[in-house]
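Peer 1: First the structure, then my questions, so here it is.
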Amino acid sequence: MLAATLVTSFRKQPHDRPMQVFNFGSINIDLVYRVPHLVRAGETLLSRSLETVLGGKGANQSVALARADARVCHIGKLGEADEWARTQMMEAGVDVSQVSISEGHSGHAIIQVDDEAENSIILHAGANHSFTENELVKALETAQPGDWLLMQNECNALEHAFALAARLQLSIAFNPAPMTPELAMLPLEQCAVLIVNETEAAALAGNDDPEAAIVILGRRYPDTRLVLTLGSRGAMFQRGRQQHRTGAVKVAAIDTTGAGDTFVGYYLASLIQGLDDESAVQRACAAAALSVTRSGATPSIPTNAELDMFLKPSGSPTAGK
């Protein structure tokens, strides 16, 4: 009964302020190398360029939410040398009052981007894996029933975050990336929204066929909005017996880094802003498509105004209209 209440609670707005997303997520420093091809085992490869930019699935998704005009407070940590990343998030419109500066290293990623716009990523968790239960309790002190808690799998203490969401009556949106076996132990039935790619869906469902995987997950979590992203092939949606597929917008891709995070932020923002399920997926697909025409993770995420201009000729869904 509790899970069903959590799954549907975002339809109600018991508070007198706009609904808020608390994003408990990673903040990484991305080192992005442009290479002719992804490095092979035993190979030494000269990069064509190097950029140091704000990244991490959590930070990317918070910026996407903010640029989609959602109200988002990020819960995260950075090392002492990287306060500039906190400033960049704030400038993007993210509430960073719950982003703390700690001793040691920030999380960081070494990213290769090749001539086909494909990427390969090595992650180091750093400060992202230093959370305690008490810190999460403090960070969520201002949360109200019906607010959202968004999570990924680049921070520790997820089991405490799920328990807190239940206690505080928050709607959970979960993007289980990167996928690890431990995620199966979490109470995923509490999720109002579960967003997975093909690899994550296959691991959770035990089936490599995306269409079969989403049906299996739909039976397992019948009250959850399930979204399966398919990269250049679009996305699939399932909730109970309702299922639909959305094709991707065709663009000339330059860099796919951060496209999935752009999708997550825009999908959740679109739901909060009142779009129906199919329209929210369509808008998120379009935002992700626009993002891959630009380099970098957070630098590639479009604003709502930019996305509206991109969609104008097609008459595709527009949030808040």
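The values are calculated or read from the model by the stated rules, or taken from the named source; none is laboratory data. Just so we're clear, the structure is a prediction, and the values are computed from it rather than from any experiment. Heads up, the Cβs are rebuilt from the backbone with ideal geometry, glycines too, and the neighbour counts pull from every protein chain shown.
Peer 1: Here is a check on your reading of the model: is Gly234 surrounded by 18 or more Cβ atoms within 10 Å (Cβ to Cβ), touching a Ser or Thr at 6+ places or on another chain (Cβ under 9 Å) and closer than 26 Å to Ala184 by Cβ?
Peer 2: On the way: surrounded by 18 or more Cβ atoms within 10 Å (Cβ to Cβ): yes; touching a Ser or Thr at 6+ places or on another chain (Cβ under 9 Å): yes; closer than 26 Å to Ala184 by Cβ: no.
It is false that Gly234 is surrounded by 18 or more Cβ atoms within 10 Å (Cβ to Cβ), touching a Ser or Thr at 6+ places or on another chain (Cβ under 9 Å) and closer than 26 Å to Ala184 by Cβ.
Peer 1: Any idea how many residues of region 260-306 are part of a helix (DSSP H, G or I), modelled with pLDDT of 95 or more and not acidic (Asp, Glu)?
Peer 2: Number of matching residues: 27.
Peer 1: Residues in region 45-53: is at least one of a type in the set (S, T, N, Q), part of a helix (DSSP H, G or I) and surrounded by 13 or more Cβ atoms within 10 Å (Cβ to Cβ)?
Peer 2: no
Peer 1: Please state which of the following conditions Thr224 fails to meet, knowing it meets all the rest: (1) at pLDDT 95 or above; (2) β-branched (Val, Ile, Thr); (3) within 30 Å of Leu54 (Cβ to Cβ).
Peer 2: That leaves (3) as the condition not met.
Peer 1: Quick test of your reading of the structure: Ala177 fulfils all but one of (1) under 18 Å from the mean Cα position of the chain (by Cα); (2) at pLDDT 95 or above. Name the failing condition by number.
Peer 2: Every condition holds for Ala177 apart from (2).
Peer 1: What about Leu228, is it touching a residue at least 24 places away in the same chain (Cβ under 8 Å), more than 22 Å from Gly56 (Cβ to Cβ) and in a strand (DSSP E or B)? Spell out the reasoning first.
Peer 2: Details: touching a residue at least 24 places away in the same chain (Cβ under 8 Å): yes; more than 22 Å from Gly56 (Cβ to Cβ): yes; in a strand (DSSP E or B): yes.
Judged against the criteria, Leu228 is a match.
Peer 1: So Ala253 ticks every box in (1) in contact with a helix residue (DSSP H, G or I) (Cβ under 9 Å, 6 or more places away or on another chain); (2) of a type in the set (A, V, I, L, M, F, W, C); (3) part of a helix (DSSP H, G or I) but one. Which box is left unticked?
Peer 2: The failed condition is (3).
For every residue, the table says whether it meets (1) under 29 Å from Gln20 (Cβ atoms); (2) surrounded by fewer than 16 Cβ atoms within 10 Å (Cβ to Cβ); (3) among the aromatic types (Phe, Trp, Tyr).
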residue	(1), (2), (3)
Pro222	yes, yes, no
Ala248	no, no, no
Thr262	yes, no, no
Ile272	yes, no, no
Asp277	yes, no, no
Ala280	yes, no, no
Gly296	yes, no, no
Asn304	yes, no, no
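Peer 1: Yes or no: Ala127 crowded, with 16+ Cβ neighbours inside 10 Å, farther than 16 Å from Leu54 by Cβ and in contact (Cβ under 8 Å) with a residue 12 or more places away in the chain?
Peer 2: No: the conditions fail for Ala127.
Peer 1: Among the candidates Thr8, Thr44, single out the residue that is at pLDDT 95 or above and of a type in the set (Val, Ile, Thr).
Peer 2: Just a single option satisfies the conditions, and that option is Thr44.
Peer 1: Does Asn156 meet the test of being buried (at least 20 other Cβ atoms within 10 Å of the Cβ), of a type outside the set (Asp, Glu) and either touching a residue at least 12 places away in the same chain (Cβ under 8 Å) or closer than 30 Å to Pro313 by Cβ (or both)?
Peer 2: In short, no.
Peer 1: For region 100-132, which residues satisfy the criterion of being farther than 19 Å from Asn153 by Cβ and not in a loop (DSSP other than H, G, I, E, B)?
Peer 2: Across region 100-132, the qualifying residues are Ser100, Ile101, Ser102, Gln112, Val113.
Peer 1: If a residue has to be surrounded by fewer than 16 Cβ atoms within 10 Å (Cβ to Cβ) and within 19 Å of the chain's Cα centre (by Cα) to count, how many in region 70-90 make the cut?
Peer 2: Here is the first cut: in region 70-90, the residues surrounded by fewer than 16 Cβ atoms within 10 Å (Cβ to Cβ) are 80-81, 83-84, 87, 90.
From what is left, the residues that are within 19 Å of the chain's Cα centre (by Cα) are 90.
Residues meeting the conditions: 1.
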